[in-house]
Amino acid sequence: MFQTLAEYSAASWKGSEGYDGLEAVVAGIADGAQRIQAKIRAAMLAHAVGTTGETNVQGEVVQILDTFSSDTLVETLSQCGRVAAIGSEEIEETVIVGDSPAHRYLVQMDPLDGSSNIDVAISVGSIFGIWKRQADEKVNESTLLKKGVEQVAAVYTVYGSCTMMVVATRGSVQGFTLDPSEGIFRLTNPNIQIPPKNSYYSTNEGNFKGLDSGTQKAIEELRNAYSLRYVGSLVADFHRNLLKGGIFLYPITKKSPEGKLRLMYEANPLAFVAEQAGGAASSGKERILDIEPQKLHQRTALIIGNKDVVERTVAAINKG
Ligand code: AHM
Ligand code: MG
C-alpha cells in the first residue's frame, strides 16, 4: 500500500533540524486542498460557479471559488500553529498570523490557479511557496519579500481527473494522490524528476503577434520540435510537463509588458519544484529564484521546464 502523507512527513520532517513544523504546514495545505476540491466538484450543482462581482488586487475578475479557496487556506494555515504570515493572490495586504517562536514559516499562495477554467470542468490547482522566518524576525509587510532561492519547500495541488499534491523540499519532489474513499493523500509518485526527453511546449499561441522577434523565433523552434499542449491553468500545464517532459512559457507580451504571472506565488514555488526535479526556470533575463522581489503581487515572465530546453529557449529569446 502507498505510504500516507502523514507517515511520509513524520518520517521526513518531524523533529528534524531544517524542517521541524513543516509537517503541520503541509497538513494545513492538505486539509484546505481537500475542502477546495470537494467544493469545486460540487460547485456547479450548488450555484457556486461564477463571479463575486468584484475585481482583485490584480484587476482580475474574482470567482466565488477564488474567495472560498483563499479564505479556506488562510483558515487552515493560520490554525496549523506554524505559519507566521501569509501572502495570497486574492488579498492585497500580508495576512499576519503570529510571531511566537513556533510560527517558523511564511507562506505565499495562489489559492486557485486557473480559475477562469472552473466553469468548463478543466483542471485547476493551488500553489504555495514556503519560506523560513528567522527566530527573532519581525513579522510585517516586508517579511514575505524574500528571494525564491530562500524557499525551504514548495507545494502545489491539481484538482483534475484526480486530486494530486506535489511537495518539494531540497533535493526531493514527491507526488501524493488523494484517496477519496479515505480522505487521505498517499505517495503515488515518489522522487519525481523531469524526464530528459522533452515532449511538449506550452504557451498561449494567441499572443504570438505581441511578442518580440527573439521570442517569436524561440517559439518557432519549439513548434518544429515538440507537440503543443496548453490548458491555460499554469499549475496543470506545469504538472503535465513535470511528469512527461516539457517547457512552459509565458513571456513578456505587448499586453503584459512585465509578464502576466506572479513572481511570489506562481513563478517562485514552481521554479523551486522544477529545480529540485532537475529542471530550470528563468524570466528570460535571470534565474527566477534569484529575482529580488519588490512587491507582493509583482509579475514576471516565466520560462520553465526541462533544463536544456529552457536554456536553449532563453538564449534564442535574447539573440533577438
Ligand atoms: P490565475 O488563474 O491565478 O489568475 O492565473 C493566471 C493564469 C495561469 O493559470 C495561466 O497559465 C495563465 O493565466 C493563462 O493566461 P492566458 O489566458 O493569457 O493564456
Ligand atoms: Mg494563478
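Would you confirm, using the coordinates I've provided, whether SER213 is hydroxyl-bearing (Ser, Thr, Tyr), assigned by TED's automatic domain parsing to the domain that holds GLN34, more than 23 Å from the chain's Cα centre (by Cα) and more than 22 Å from VAL107 (Cα to Cα)?
For SER213, the condition - hydroxyl-bearing (Ser, Thr, Tyr), assigned by TED's automatic domain parsing to the domain that holds GLN34, more than 23 Å from the chain's Cα centre (by Cα) and more than 22 Å from VAL107 (Cα to Cα) - is not met.
Can you pull out the residues in the range 147-176 that are under 17 Å from the mean Cα position of the chain (by Cα) and open to solvent by 30 Å² or more (accessible area, probe 1.4 Å)?
LYS147, VAL149, GLU150, ARG170
Among the residues that make up the range 269-276, is at least one of them in a helix (DSSP H, G or I), among the aromatic types (Phe, Trp, Tyr), away from ligand 2 (no atom under 15 Å from the Cβ) and closer than 21 Å to ILE127 by Cα?
Scanning the range 269-276, I find at least one residue that is in a helix (DSSP H, G or I), among the aromatic types (Phe, Trp, Tyr), away from ligand 2 (no atom under 15 Å from the Cβ) and closer than 21 Å to ILE127 by Cα, so the answer is yes.
Keeping to the range 38-59, report how many residues are open to solvent by 50 Å² or more (accessible area, probe 1.4 Å) and not in a helix (DSSP H, G or I).
Qualifying residue count for the region: 8.
Tell me yes or no: at least one residue of the range 66-85 is part of a strand (DSSP E or B), in contact with a Leu (Cβ under 9 Å, 6 or more places away or on another chain) and over 20 Å from GLU23 (Cβ atoms).
No, the range 66-85 contains no residue that is part of a strand (DSSP E or B), in contact with a Leu (Cβ under 9 Å, 6 or more places away or on another chain) and over 20 Å from GLU23 (Cβ atoms).
I'd like the full set of residues that are over 14 Å from LEU77 (Cβ atoms) and open to solvent by 50 Å² or more (accessible area, probe 1.4 Å), limited to the range 88-105.
GLU92, GLU93, ASP99, PRO101
Scan the range 230-254 residue by residue and report those that are closer than 14 Å to VAL309 by Cβ and among the charged types (D, E, K, R).
Passing the criteria: only LYS244.
Condition first: open to solvent by 20 Å² or more (accessible area, probe 1.4 Å) and near ligand 1 (Cβ under 10 Å from one of its atoms). Now tell me which residues in the range 251-277 satisfy that.
Across the range 251-277, the qualifying residues are LYS255, SER256, LYS260.
Kindly establish whether VAL139 is of a type in the set (A, V, I, L, M), surrounded by fewer than 24 Cβ atoms within 10 Å (Cβ to Cβ) and within 19 Å of the chain's Cα centre (by Cα).
No: the conditions fail for VAL139.
Residues are listed down the side, and each one gets a yes or a no for (1) among the hydroxyl-bearing types (Ser, Thr, Tyr); (2) within 19 Å of LEU242 (Cα to Cα):
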{"residue": "SER142", "(1), (2)": "yes, no"}
{"residue": "VAL149", "(1), (2)": "no, no"}
{"residue": "VAL152", "(1), (2)": "no, no"}
{"residue": "SER161", "(1), (2)": "yes, yes"}
{"residue": "GLY171", "(1), (2)": "no, yes"}
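Return the total of residues in the range 213-262 being of a type in the set (Lys, Arg), within 16 Å of ligand 2 (Cβ to nearest atom) and part of a loop (DSSP other than H, G, I, E, B).
1
With the range 86-171 as the region, which strands (runs of 3 or more DSSP E) entirely inside it contain at least 2 residues that are of a type in the set (D, E, K, R), on the phi < 0 side of the Ramachandran plot and within 16 Å of ligand 2 (Cβ to nearest atom)?
Ranges flagged: 105-113.
For the range 65-87, state whether one or more residues are within 16 Å of ligand 1 (Cβ to nearest atom), at pLDDT below 95, among the β-branched types (Val, Ile, Thr) and open to solvent by 30 Å² or more (accessible area, probe 1.4 Å).
Yes, there is a match, as at least one residue in the range 65-87 is within 16 Å of ligand 1 (Cβ to nearest atom), at pLDDT below 95, among the β-branched types (Val, Ile, Thr) and open to solvent by 30 Å² or more (accessible area, probe 1.4 Å).
Report whether or not MET44 is within 16 Å of ligand 2 (Cβ to nearest atom), in the same structural domain as ARG133 (by TED's automatic domain parsing) and out of contact with any Asp or Glu (no Cβ under 6 Å at 6 or more places or on another chain).
So MET44 fails the test.
State whether one or more residues within the range 190-209 are open to solvent by 40 Å² or more (accessible area, probe 1.4 Å), part of a helix (DSSP H, G or I), over 22 Å from LYS307 (Cβ atoms) and away from ligand 1 (no atom under 13 Å from the Cβ).
yes
Would it be correct to say that GLY28 is open to solvent by less than 50 Å² (accessible area, probe 1.4 Å), within 15 Å of MET109 (Cβ to Cβ) and at pLDDT 95 or above?
It is true that GLY28 is open to solvent by less than 50 Å² (accessible area, probe 1.4 Å), within 15 Å of MET109 (Cβ to Cβ) and at pLDDT 95 or above.
Quick grid of which residues meet (1) closer than 25 Å to ASN117 by Cα; (2) in contact with a helix residue (DSSP H, G or I) (Cβ under 6 Å, 6 or more places away or on another chain):
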{"residue": "LEU178", "(1), (2)": "yes, no"}
{"residue": "PRO196", "(1), (2)": "no, no"}
{"residue": "LEU228", "(1), (2)": "yes, no"}
{"residue": "VAL273", "(1), (2)": "yes, no"}
{"residue": "GLY284", "(1), (2)": "no, yes"}
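Take GLU17 and tell me if it is closer than 29 Å to GLU182 by Cβ, acidic (Asp, Glu) and away from ligand 1 (no atom under 16 Å from the Cβ).
no
The values are calculated or read from the model by the stated rules, or taken from the named source; none is laboratory data. Quick caveat: nothing in here was measured; it's all calculated off a predicted structure. Counting neighbours? That spans all protein chains shown, and the Cβs are built from the backbone with ideal geometry, glycine included. Accessible surface is based on the protein model in full, side chains and every heavy atom, while ligands, DNA and RNA are left aside. Shrake-Rupley method; radii C 1.70, N 1.55, O 1.52, S 1.80 Å.
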